[in-house]
1. For residues in segment 227-245 being farther than 22 Å from L143 by Cα and not polar (S, T, N, Q), which is most open to solvent (accessible area, probe 1.4 Å)?
2. Which condition does I248 not pass, out of (1) under 20 Å from Q172 (Cα atoms); (2) open to solvent by 50 Å² or more (accessible area, probe 1.4 Å); (3) among the β-branched types (V, I, T), if it passes all the others?
3. Scan segment 108-146 residue by residue and report those that are part of a helix (DSSP H, G or I), under 22 Å from A236 (Cα atoms) and free of Cβ contacts under 8 Å to residues at least 12 places away in the same chain.
4. Among the candidates V71, V83, which residue alone is crowded, with 16+ Cβ neighbours inside 10 Å, out of contact with any Asp or Glu (no Cβ under 7 Å at 6 or more places or on another chain) and among the β-branched types (V, I, T)?
5. Go through segment 39-69 residue by residue and tally those that are under 19 Å from G270 (Cα atoms) and among the hydrophobic types (A, V, I, L, M, F, W, C).
6. Before we move on, is T68 farther than 29 Å from L237 by Cβ, in contact with a helix residue (DSSP H, G or I) (Cβ under 8 Å, 6 or more places away or on another chain) and without any contact (Cβ under 8 Å) to a residue 24 or more places away in the chain?
7. Given the structure, is M238 assigned to a helix (DSSP H, G or I) and free of Cβ contacts under 8 Å to residues at least 12 places away in the same chain?
8. Would you please name the residue that is most open to solvent (accessible area, probe 1.4 Å), looking only at residues in segment 147-160 that are outside any loop (DSSP other than H, G, I, E, B) and in contact with a Phe, Trp or Tyr (Cβ under 9 Å, 6 or more places away or on another chain)?
Amino acid sequence: MITKEATEVAPVPATVVPEPPRPAKKRRRAWDEAPRWQIYLPLGIYLVFTLIPFYWILLFSLRPAGSTSLVPWPMTFDHFEKVWTDRSFGTYFQNSVLVGVATLFMTTLVALAGGYALARFNFKVKQLFMLALLCSQFVPGALLLVPLFEIFAELQMINSLGSVILAETVFQLPLSIILISNFIKNVPYSLEEAAWVDGCGRMKAFRIVVLPLLRPGLIAVGSFAFVHSWNHFLFALMFLNNQEKQTIPVGLNTLMGADSVDLGALAAGGIIAAVPVVIVFAFIQKWLITGFSAGAVKG
């Protein structure tokens, strides 16, 4: 016989619905509450002080000689024609491009080999070699002008662009090797090992696996070497005596006489010297920032 208690169904416990997680409270910083004008006003002042010198040099290069107008109108290109033809800036430009490109390739190739050796091999004097690279950055180039001049004189390289290229390359190598070695350390060593297992040698594995990953670092090192050699004045002044071998920085120096200065020609020459560098940086700025930030991280 079924009793009443047996027919009663036990109550089902209520399902507890968990509360959704509360979003983390965002930490408020001091500048989040600052008005917009307190941010844009200092930036605007800094931008004005930065752009005024560029506008001033553009003004002197485009306005007629003797004009005192603050607006380059009527606009003239006589100063550019004067420095390009009469002052041989076309020749200076070609020499600077040759020195810059040659320094770029030589610095990049040697730094790539040295950086790979520091990143992948262990040898007894490795730490001492790194210390020597760092200490070499404290030696000014003017201190070595006399011994470099004597060496190039013995090699009969005075008044040759090769002497400037070699000197620029030597002074760019320490920093370039350090940057490249740190960048290679960020590339996993297992990638090379996997290529070796697949039958690649060390050189082929480096060329196929590692080298494509080093593109930002190579662009950063190469651009730094190019800009430094393009703007460097001292080596070209000391090692090059023939006017047909001079570079743009030395050419700009010839525009300043002992008694007077042709401001229009000097401003036009400065723009000719600055425009190629600005164009290069405009195209490689993304790779440049990536390369320097990656090369600064210890692997």
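The values are calculated or read from the model by the stated rules, or taken from the named source; none is laboratory data. Please read these numbers as outputs of a predicted model, since none were measured by experiment. Reconstructed Cβ throughout: ideal geometry from the backbone, glycine too, with neighbour counts over all protein chains shown. The accessibility values were calculated without ligands, DNA or RNA, using every heavy atom of the protein model including side chains. Shrake-Rupley method; radii C 1.70, N 1.55, O 1.52, S 1.80 Å.
1. Only one residue tops the list, namely E244.
2. Every listed condition holds for I248 apart from (2).
3. The answer is L143, L144, V146.
4. V83
5. So the count comes out to 11.
6. Answer is no for this residue.
7. Considered against the rule, which asks whether it is assigned to a helix (DSSP H, G or I) and free of Cβ contacts under 8 Å to residues at least 12 places away in the same chain, M238 comes out as no.
8. Filtering segment 147-160 for residues that are outside any loop (DSSP other than H, G, I, E, B) and in contact with a Phe, Trp or Tyr (Cβ under 9 Å, 6 or more places away or on another chain), the one most open to solvent (accessible area, probe 1.4 Å) comes out as F149.
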